[in-house]
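The values are calculated or read from the model by the stated rules, or taken from the named source; none is laboratory data. All figures in this text were calculated on a predicted structure; none of them were measured in a lab. Neighbour counts are summed over all protein chains in view; Cβ atoms, including those assigned to glycine, are modelled from backbone coordinates with ideal geometry. Quick note on the areas: whole protein, heavy atoms, side chains included, nothing else; ligands and nucleic acids left out. Shrake-Rupley method; radii C 1.70, N 1.55, O 1.52, S 1.80 Å.
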Amino acid sequence: MLYGITALSVTLAGFAVTGATTRSAPPSGIKNVVLVHGAFADGSGWQAVAQILEKDGYTVSVPQPPETSYAEDVKYTKAAIDALNGPVVLVGHSYGGSIITEAGNHPNVAALVYIAAFAPDVGESPASIEQALPQASKAFMHDSNGNWWIDQEHFAADFAADVPPAVSRFMALSQVPISTEAFTHKITSPAWKTKPTWYMVATEDRSINPDQERMMAKRAHAKTVEVKASHVAYMSHPKEAAQLIEEAANSVVSQ
């Protein structure tokens, strides 16, 4: 929800500094990065990663897919890719991985990076992946409008257990619901079949089963790293997330 971004950015400011690093030279590979948020969160969660990437010389875009429909979410993401007017590394967290799986077919996308994210195959959706090997959390609930939420009481433990309590508390209050249509949309053309792919597995994830993350990474032939993190690994481990993104940016050019 966009109204929550400013307040959460202020809360995260001190948290983000811990992951900041500097480089002695600007990046030599792909210089554009698009960071796509997932369900129940908004783009402000990428603040720490974006700060590291910008310090390291990258141009960063953080679109705000509304999660009202899969088509709209892909449209917002493709618009961000178009705006950068050059090759990009496309990054997705959680449901954002499903978004980049189709949006990644954009000709300007040079590499894909999944952070504790869904990477569905043809005919799969995030919902079907969750059904095949359920996540630990039982706190997901739906409303009469066809949207899904995380029960606020369980939000921190099941979604963001390793970020400061004030941050996870505000995330619970400002969470972005996802529509049933978006979560059940079946993929038709997975970009990871043709684009170089990287994957970060969150070993303590209660929102996507870590074994499903490993399965998706393996079948995508992704360069894979594992971090001991909750579902929001990009927030609790921004340095490692940025490092993986930068590796993708530089590796594509050297191939």
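Whole-Hz Karplus values for the range 184-194 come out as 9, 4, 8, 6, 10, 9, x, 5, 5, 6, 10 Hz, taken residue by residue from phi with 6.51 cos²θ - 1.76 cosθ + 1.60 and θ = phi - 60°; glycine and proline positions read x. Residues whose amide H comes within less than 5 Å of that of residue 109, counting only those at least five positions distant or on another chain, are 88 (H built at 1.01 Å from N in the peptide plane). Surface composition of the chain: carbon and sulfur atoms hold 56% of the protein heavy-atom accessible area at a 1.4 Å probe. FRET efficiency for the pair residue 218 and residue 144, taken as 1/(1 + (r/R0)^6) with r the Cβ-Cβ distance and R0 = 51 Å, rounds to 0.85.
Between residue 180 and residue 252, 0.36 nm times their residue separation minus their Cα-Cα distance comes to what?
22.4 nm is the gain from fully extending residue 180 to residue 252.
Would you mind giving the average projected area, over all directions, of the Cα convex hull of the range 83-164 in nm² with one decimal?
7.7
Reported value for the range 176-218: 115 Å³ per residue, from the convex hull of its C-alpha atoms. For the chain, the tally of Lys pairs with Cα-Cα distances below 19 Å comes to 16, considering only residues 8 or more apart or on different chains. Between the entries [x] 33, 20, 17; [y] 29, 20, 17; [z] 25, 21, 17, the label attached to semi-axes √(5λ) of the Cα gyration tensor in Å calculated for this structure is [z]. Per residue, the accessible area of the chain comes to 40 Å² when a 1.4 Å probe rolls over the protein heavy atoms.
For the chain, the relative contact order is 24 percent, taking Cα pairs closer than 8 Å that sit 6 or more residues apart in sequence and dividing their mean separation by the residue count. With viscosity 1.567 mPa s and temperature 4 °C, the Kirkwood radius over alpha carbon pairs of the range 84-131 converts through Stokes-Einstein to a diffusion coefficient of 118 µm²/s.
Computed over the chain, the per-residue total of -39500 (n - 2.57) for DSSP H runs of n ≥ 4 gives a 222 nm mean residue ellipticity of -12000 deg cm²/dmol, rounded to 500.
Using Cβ point charges alone (K and R +1, D and E -1), the dipole size of the chain about the Cα centre works out to roughly 640 debye. Taking each residue as 0.36 nm, the span from residue 193 to residue 75 lengthens on full extension beyond its C-alpha to C-alpha distance by 40.4 nm.
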